[in-house]
Amino acid sequence: MDLYSGYINQLIEELAGLPGIGTKSAQRLAFYLINLPKERVERFADTVLKAKENVRYCKKCYTLTDQELCPVCADSRRDTGTIMVVENTRDLAAYEKTGRYEGVYHVLHGAISPMLGIGPGDIRLKELMERLAGDVKEVIIATNSSLEGETTAMYISKLIKPTGIRVTRIASGVPVGGDLEYIDEVTLLRALEGRVEL
Ligand code: ZN
């Protein structure tokens, strides 16, 4: 027997499908949303839709943005000769928060994972290689220290090495499998400053 109405169940299911949300949290959120004033729910739904409709990839670094170029790529003071490769936009945001990195980024949108069937062609690697045709001095690989992140780092380094461009990897000490987003700024800066040649 279903305890909740079909609509509530559907809402719980949608919420439970979001990353990091278990069934219990999904139930709590569903009832929270239902108890909100209608205007608040409309504003929330509208915000999700507007974000979906207006957010796109930066033409240069492929981070998510609502302009043709993201704020980093649009900033002429940034050093375009140094490219930091990250797995996603959240990782970029984490490094930006340190306020100390002056180069630009390249967002892969994922990492190579043979187990999940994600190959080099499924992330923005081709786009990275195209950018290297310009005047690039160093590529800093800042993928996560998970198995996938390490596999990706090795793969990229092998691709870039023959071009003669300097390839470095952020220092370990970033927790294994840890999302960069949850690591404090001091740790990130230390990882960046202690980067090693690949
Ligand atoms: Zn950009």
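The values are calculated or read from the model by the stated rules, or taken from the named source; none is laboratory data. It should be emphasised that the depicted structure is a prediction, and the values quoted were computed from it without experimental measurement. For neighbour counting, all protein chains shown are included, and Cβ atoms are generated from backbone atoms with ideal geometry for every residue, glycine included.
Do we have Asn54 as closer than 30 Å to Ile112 by Cα and crowded, with 18+ Cβ neighbours inside 10 Å here? For Asn54, the condition - closer than 30 Å to Ile112 by Cα and crowded, with 18+ Cβ neighbours inside 10 Å - is not met.
Results for (1) surrounded by 14 or more Cβ atoms within 10 Å (Cβ to Cβ); (2) touching a residue at least 40 places away in the same chain (Cβ under 8 Å), shown as yes or no for each residue.
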position: Cys61; (1), (2): yes, yes
position: Cys70; (1), (2): yes, no
position: Thr80; (1), (2): yes, yes
position: Ala94; (1), (2): yes, yes
position: Pro114; (1), (2): no, no
position: Lys126; (1), (2): no, no
position: Leu147; (1), (2): yes, no
position: Ile160; (1), (2): yes, no
position: Ile165; (1), (2): yes, no
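Within segment 52-67, the residues that satisfy the criterion of being over 17 Å from Glu102 (Cβ atoms), at pLDDT 95 or above and assigned to a loop (DSSP other than H, G, I, E, B) are Cys58, Lys59, Tyr62. Among the residues here, Gly99 does not qualify as surrounded by fewer than 19 Cβ atoms within 10 Å (Cβ to Cβ) and closer than 20 Å to Val167 by Cα. Taken as a whole, the structure leaves Val41 outside the set of residues that are assigned to a helix (DSSP H, G or I) and within 16 Å of the ligand (Cβ to nearest atom). Restricting attention to segment 69-97, the residues being at pLDDT 95 or above and within 10 Å of the ligand (Cβ to nearest atom) number 8. Taking segment 84-175 and the helices (runs of 4 or more DSSP H) fully enclosed by it, the elements with 3 or more residues that are more than 16 Å from Tyr57 (Cα to Cα) are at 89-98, 147-160.
Here Thr143 does not fit the description of being assigned by TED's automatic domain parsing to the domain that holds Leu188, over 14 Å from the mean Cα position of the chain (by Cα) and of a type in the set (Ser, Thr, Tyr). Restricting Gly149, Gly134 to residues that are modelled with pLDDT under 90 and either closer than 27 Å to Pro19 by Cα or assigned by TED's automatic domain parsing to the domain that holds Gly110 (or both) narrows the list to Gly134.
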